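Notes for the one structure printed next.
The values are calculated or read from the model by the stated rules, or taken from the named source; none is laboratory data. This one's a predicted model, so the numbers in the text were calculated from it and none came from an experiment. Positions of Cβ are generated from backbone atoms using ideal geometry, with glycine treated the same way; all protein chains shown enter the neighbour counts.
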Amino acid sequence: MHIHRRTVLTSLGAMALASPLRAQEAPIWSAPVLDLHWHMRRTPEANLAHMNGSGVTKANLLTNGNAVENVRALQAGNSGRFPIWFASADITKPDAEALLTRAVKDGASGFGEIKFPVAADGPELRRMYALAAELNVPIMVHFQEVGHTPTEGTFAAGWKRFAAMLKAFPKTKFIGHADAFWANISADYAEADAYPAGPVVRGGVTDRLLADYPNLFGDMSANSGNNGLSRDAEFTRDFLRRHQGKLMFGSDCNCSDGKGSNTERAAPRMRGKCVARETLGILAASTTPSVFRKLVWDNAHTLLKLPA
C-alpha cells in the first residue's frame, strides 16, 4: 500500500501532542510482547490502537521503499513503542540491493517482508540472501505455494527444497513466514490448500529445518501462523517447546482495534477476531510463562540485538 509521505508526516507531527492512545492499557499477557510483523499503518492513531487493544508492548515496523522519515516521525514521542524497522524493495529491479543497503545504513534492522512472485531459490532472492549476510541483518520471506485468488499466484515458491539455501547461505539469518512455511509443519502437506486443517503429521519440512539449521527462525504471524498453531493442540505444545528459541510472535493483523473490528477482508476463519489476540492466547495456553516470554519477547530481542 502506497502512503503519501506528506500525509503521514503531518499526522505523525500531530501526535507529538499528548494523546491517550500513547498510553498502554493494563497488561493483558504475563510478559511484554514485541510484534515482529507489523505493517506500518497510515496514522499513529491506527498503529497504536491495535497495539494497545491487543496487549502489544512494542512493534517492528515493516516498510516499503524509502520510509526512513516516516519511521523516525512515528518513533518520535512514542516512548519506544517502535524501536526497530525492516525495509523492503522490489527485488526484481536492479536497484534493490542499493535501496536495501541504504535502508540499513539509515537504521533498518532487517529486510522484510520480502514478498515477490519469484522462486525461493531463484537469482532474485539469492541476491538478497547474500546481501543480508553481508550487512548482518535478518531477512523475513513470505513463502506461499497456493494462490488465495485465481490470479494471485505464488511467492518465494519452493519451500520444500529450501534446505539447499540454508546450506548455501549459512551466515544469513532467515525468518520464515506465511502459508507454505506453516502448512509444512505437517509431513502430508501437498500444496492443495493454503490453510490445511486437521491433525499434524509429524516430520514436516518446516519442523525438520527449524531443528537442523541454526540460521532459520519462524515468524508466527498472520492467519497462516495462527492456523498452523491452532490445528493440533498436542503437536503445538511439543512444537513450541522444541523450537522455543527459534520462534517469534508477530501479528500481521487486519483488525483495527486489537479486538477484531473491521476484519471483513480477513480470511473467513479470522473474521471478527484479532489475529494477535488469538495467537497470543494459543501461545499462553500451550506453554509455560518462561517459554511464553521467549516466544513473544526474548527471541526477537536476541536476534535483533536489542536490550531486553
Condition (residue is part of a loop (DSSP other than H, G, I, E, B), farther than 20 Å from Leu36 by Cβ, touching a residue at least 40 places away in the same chain (Cβ under 8 Å) and basic (Lys, Arg)) applied to segment 147-167: is it met by at least one residue? no
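Kindly establish whether Ser251 is modelled with pLDDT of 95 or more, in contact with a strand residue (DSSP E or B) (Cβ under 7 Å, 6 or more places away or on another chain) and not hydrophobic (A, V, I, L, M, F, W, C).
Yes; evaluated as a whole, the condition is true for this residue.
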Single unsatisfied condition, Glu124 versus (1) surrounded by fewer than 17 Cβ atoms within 10 Å (Cβ to Cβ); (2) part of a helix (DSSP H, G or I): (1)
Within segment 17-47, the count of residues that are in a loop (DSSP other than H, G, I, E, B), modelled with pLDDT under 60 and closer than 20 Å to Ala73 by Cβ comes to 4
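Would you point out which residue out of Arg231, Arg271, Arg237 is at pLDDT below 95 and within 25 Å of Asp193 (Cβ to Cβ)?
Of Arg231, Arg271, Arg237, the one residue that is at pLDDT below 95 and within 25 Å of Asp193 (Cβ to Cβ) is Arg271.
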If you scan segment 213-261, which residues turn out to be acidic (Asp, Glu) and surrounded by fewer than 24 Cβ atoms within 10 Å (Cβ to Cβ)? Asp232, Glu234, Asp238, Asp257
Only residues that are among the small types (Gly, Ala, Ser) and either touching a Leu at 6+ places or on another chain (Cβ under 6 Å) or assigned to a loop (DSSP other than H, G, I, E, B) (or both): list them for segment 92-111, please. Gly107, Ala108, Ser109
For segment 74-107, name all the residues that are in contact (Cβ under 8 Å) with a residue 24 or more places away in the chain, surrounded by 15 or more Cβ atoms within 10 Å (Cβ to Cβ) and of a type in the set (S, T, N, Q). Asn78, Ser88, Thr101
Any idea which of (1) farther than 18 Å from Asn299 by Cβ; (2) out of contact with any strand residue (DSSP E or B) (no Cβ under 9 Å at 6 or more places or on another chain) is the one Trp159 doesn't satisfy? (2)
Pairs under 8 Å by beta carbon, first residue under 18 Å from Asn226 (Cβ atoms) in segment 271-298, partner surrounded by fewer than 19 Cβ atoms within 10 Å (Cβ to Cβ) and of a type in the set (Asp, Glu), six or more apart or different chains? Arg271/Glu264; Cys274/Asp257
Within segment 232-308, helices (runs of 4 or more DSSP H) holding 1 or more residues that are acidic (Asp, Glu) and within 20 Å of Arg202 (Cβ to Cβ): 233-242
What number goes with the only condition from (1) out of contact with any Asp or Glu (no Cβ under 9 Å at 6 or more places or on another chain); (2) more than 12 Å from Asn215 (Cα to Cα); (3) in contact (Cβ under 8 Å) with a residue 60 or more places away in the chain; (4) not charged (D, E, K, R) that Pro138 does not pass? (2)
